[in-house]
Amino acid sequence: MPGSHIDRARIDLEDGHVDLATGRVHRKDAAATLTTMELRALNWFAAHRGQEVSHEDLLQHVWEYAPKIV
């Protein structure tokens with residue numbers, strides 16, 4: 001993300017930040033709370049920044065989807 005900085009508890013953006021501990025997004029004069037799934041996905045993407053990730057990895061690690069093995 002150009003213009004952003006990520007540490008373990010916060011993602012700083014050009015015009016705000018995301019508090020990863022609380023799931024609150026602050027931009028300019030507005031704030032919102034991420035859903036649990038949005039926060040899990042954001043944390044996972046932040047942890048894998050710059051890496052190519054597969055659809056299967058995303059499903060398994062964010063949604064805890066386990067493929068059925070026949």
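The values are calculated or read from the model by the stated rules, or taken from the named source; none is laboratory data. Predicted model, so just to flag it, every value in this text is computed and none were measured. Neighbour counts are summed over all protein chains in view; Cβ atoms, including those assigned to glycine, are modelled from backbone coordinates with ideal geometry. For accessibility, only protein heavy atoms count, side chains too; no ligands or nucleic acids. Shrake-Rupley method; radii C 1.70, N 1.55, O 1.52, S 1.80 Å.
For a quick check of your reading of the filter: which trypsin sites (Lys or Arg not before Pro) in the stretch 14-43 sit in a DSSP loop and have no more than 11 other Cβ atoms within 10 Å?
K28
Ranked by accessible surface with a 1.4 Å probe, highest first, in what order do H26, H17 come?
Largest to smallest exposure gives the sequence H26, H17.
Run through every distinct alpha carbon pair of the stretch 10-70 and return the Kirkwood hydrodynamic radius in angstroms, one decimal place.
On the way: mean 1/r = 0.0771 Å⁻¹.
With all distinct Cα pairs of the stretch 10-70 included, I get 13.0 Å.
Per DSSP helix of 4 or more residues, -39500 (n - 2.57); summed, then divided by the residues of the chain. What does that give at 222 nm, rounded to the nearest 500? Display every interim value, and only then the final one.
Details: 2 runs with 20 residues, N = 70.
My calculation for the chain gives -8500 deg cm²/dmol from helical runs alone.
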